[in-house]
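Take a look at the structure set out below.
We did not get these values from a lab; they are worked out from the coordinates using the rules stated. What you see is a predicted model, and the numbers here were worked out from it, not measured in a lab. Here Cβ is always computed from backbone atoms with ideal geometry, including for glycine, and neighbour counts include all displayed protein chains.
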Number of protein chains: 2
Amino acid sequence: MSDSPPATGVADLLGVLAYAELTAFLRLAEDAARLAPSLTDRAALSGLAATEYGHFRLLGDRLAELGADPEAAMAPFVEALDDWHVQTRPGDWLEALVKAYVGTGIALDFYREAARHVDPVTRGLVEEALVDEGRSEFAVERVRAALKEDPKVGGKLALWARRMVGEALSQGQRVAAARPALAKLLVNGGQEDLAEIGRLFARLTEAHGKRMAALGLTPGP
Amino acid sequence: MSDSPPATGVADLLGVLAYAELTAFLRLAEDAARLAPSLTDRAALSGLAATEYGHFRLLGDRLAELGADPEAAMAPFVEALDDWHVQTRPGDWLEALVKAYVGTGIALDFYREAARHVDPVTRGLVEEALVDEGRSEFAVERVRAALKEDPKVGGKLALWARRMVGEALSQGQRVAAARPALAKLLVNGGQEDLAEIGRLFARLTEAHGKRMAALGLTPGP
């Protein structure tokens with residue numbers, strides 16, 4: 001039906017994931033430099049950042065393998081992802097930890113959704129990224145310890161997490177609207193279906209709720 | 001002669017290298033985010049940053065293996081290295097590239113010097129870091145291309161490189177004075193000898209001159 005190359009959706013998917021990883025790498029590094037209260041904490045968040053760079057490399061290499069220009073594949077998603085980071089710049093170390101955990105979590109959920117709809121080689125890549133799932137667990141430990149010491153920070157952090165997810169859904173809707181090939185690929189490769197996209201976002205939001213509980217941050221009333 | 005544990009010099013050496021790598025990682029990431037003119041350039045400098053993080057991990061793990069606390073081993077060197085980075089914050093992309101190449105180069109020279117004076121396991125680590133020597137070559141290509149296009153930038157970049165090395169020697173002297181065990185280890189484990197330290201710095205400066213030539217930046221008159 002379309003005369004765009006068959007790989008458009010896949011190039012979009014790899015492009016958005018690649019830019020998400022590259023920019024997560026840079027933002028986590030920035031938060032580590034700016035907010036970590038000790039060298040040990042700085043090293044831990046830096047480690048998470050370096051893992052994201054590793055994922056970026058895998059995705060960029062796969063794009064090149066498929067004959068796509070990585071820069072061109074990432075370009076359509078720069079604005080949405082940069083805007084998300086501007087809207088969710090952590091103000092302190094605990095916010096940085098919650099962002100690292102929530103942001104990595106949303107990304108991994110998205111990988112899981114994507115894995116259902118791509119070719120086996122790309123799926124392999126996605127699974128490689130999923131292997132690192134435990135990497136952000138240090139953030140959970142530290143946030144739970146902080147909550148134990150001062151339960152009052154919980155309300156503020158819960159609102160913070162809620163804002164991050166709200167911004168992510170908003171940017172996600174924007175991207176889904178602007179990139180129909182990507183939206184199609186994510187909903188079983190069938191007709192572009194905004195209701196299906198809505199259900200996908202509902203699954204992501206549900207998974208987010210579970211992460212909030214893991215952090216000890218129950219949703220507000 | 002000294003009643004400090006025998007590993008003080010080695011812990012210092014691993015500590016200064018570890019913090020140098022951790023902070024290089026963070027600063028390169030910052031420069032990539034702040035100054036790269038394209039996503040491809042941003043990804044290239046990010047790749048160099050991620051490599052530094054890998055070195056940091058090796059060094060930190062070795063410190064832990066030797067029973068040292070990595071944070072404590074790094075702490076004495078934080079001020080000198082942070083000061084160096086504050087004094088050498090690049091103002092544009094070309095300065096960032098020259099800094100990446102020169103800074104990585106000085107670090108690798110220092111690894112090479114260090115490798116002559118440490119135990120075989122630590123030497124193995126150091127050699128692993130040296131394997132990545134070619135990583136900053138992309139900076140050379142880009143700087144040479146920029147010089148070809150506009151030879152006038154050469155004078156400004158040569159001064160910039162000179163300042164970086166001057167600041168590095170100054171911080172290095174400060175560290176050598178404050179950490180006699182490290183200074184001793186670097187000059188054949190013999191008597192602390194400021195003249196030997198001077199010769200070590202002379203070798204580092206000479207190697208720097210060769211890098212300037214590789215960049216197409218000949219020293220000024």
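Placing +1 on the Cβ of every Lys and Arg and -1 on the Cβ of every Asp and Glu, with no other charges, gives chain A a dipole of roughly 840 debye about its Cα centre. Over all alpha-carbon pairs of the protein assembly as shown, lay out the pair-distance distribution in 10 Å bins, whole %, shortest bin first. P(r) for the protein assembly as shown, in whole percents per bin: 4, 20, 27, 23, 16, 8, 2, 0, 0.
Once you list every other residue whose beta carbon is under 10 Å from the beta carbon of A:Arg203, what net charge do they have if Lys and Arg are +1 and Asp and Glu are -1?
-1
Karplus-based coupling profile of the stretch A:100-111, in residue order and whole Hz: 4, 6, 5, x, 4, x, 4, 4, 5, 4, 5, 4, with θ = phi - 60° in 6.51 cos²θ - 1.76 cosθ + 1.60 and x standing for Gly or Pro. Amide H contacts of B:Arg89: none lie under 5 Å away among residues 5 or more positions distant or on a separate chain (H built 1.01 Å from N in the peptide plane; Pro and chain starts excluded). Summary for B:Ala115: label point 7 Å along Cα→Cβ; distances to the equivalent points in the other copies, ascending, 4.0 nm.
Among B:Glu71, B:Glu206, A:Glu196, what is the fewest-to-most ranking by other Cβ atoms within 10 Å?
Details: B:Glu71 19, B:Glu206 10, A:Glu196 16.
Ranking B:Glu71, B:Glu206, A:Glu196 by Cβ neighbours within 10 Å, fewest first, gives B:Glu206, A:Glu196, B:Glu71.
Taking a straight Cα-Cα cut-off under 26 Å and skipping sequence neighbours fewer than 8 places away in the same chain, the lysines within cross-link reach of B:Lys99 are B:Lys148, B:Lys152, B:Lys156, B:Lys210.
A simple rule links phi to the HN-Hα coupling: the Karplus curve 6.51 cos²θ - 1.76 cosθ + 1.60 with θ = phi - 60°, which for the stretch B:39-44 gives 5, 5, 5, 4, 5, 5 Hz, with x for Gly and Pro. Overall shape: oblate for the stretch A:111-182, with the ratio a/c of the largest to smallest alpha carbon gyration tensor axis at 1.5 or above and b/c at least equal to a/b. By Cβ position, the chain A residue that hugs the axis carrying A onto B most closely, with its distance in whole Å, is A:Ala29, 2.
Sorted shortest first, the distances from the B:Gly67 label point to those of the same residue in the other copies are 6.2 nm; each point sits 7 Å from Cα along Cα-to-Cβ. Rounded to the nearest 10 degrees, the angle from helix B:153-178 to the longest Cα principal axis of chain B is 10 degrees.
Label point of A:Glu149 (7 Å along Cα→beta-carbon): distances to the other copies' equivalent points are 4.9 nm, sorted ascending.
For chain B, the longest principal axis of the alpha carbon atoms and the long axis of helix B:78-87 meet at an angle near 20°. Scanning residues 5 or more positions from B:Gly216 or on other chains, none has an amide H under 5 Å from its amide H, with H placed 1.01 Å from N in the peptide plane. Couplings 3J(HN,Hα) for the stretch A:201-207, derived from phi with the Karplus relation 6.51 cos²θ - 1.76 cosθ + 1.60 (θ = phi - 60°), are 5, 5, 5, 4, 5, 5, 4 Hz, where x marks Gly and Pro. Describe numerically, in nm with one decimal, the distance between label points set 7 Å from Cα along Cα→Cβ at A:Asp69 and at A:Thr218. In this crude spin-label approximation the distance works out to 5.4 nm. Along chain A, the exposed loop sites are trypsin sites (Lys or Arg not before Pro) outside DSSP states H, G, I, E and B with at most 16 other Cβ atoms within 10 Å, and the longest stretch free of them is A:1-115. Comparing B:Leu81, B:Thr51, B:Leu157 along the charge dipole axis of chain B, the residue lying farthest to the positive side is B:Leu157, per the Cβ-charge model.
The residues packed around B:Thr8, meaning those with a beta-carbon under 10 Å from its beta-carbon, carry a net charge of +1 if Lys and Arg are +1 and Asp and Glu are -1.
Relative to the 2.2 N^0.38 Å rule of thumb, chain B has a C-alpha radius of gyration ratio of 1.01.
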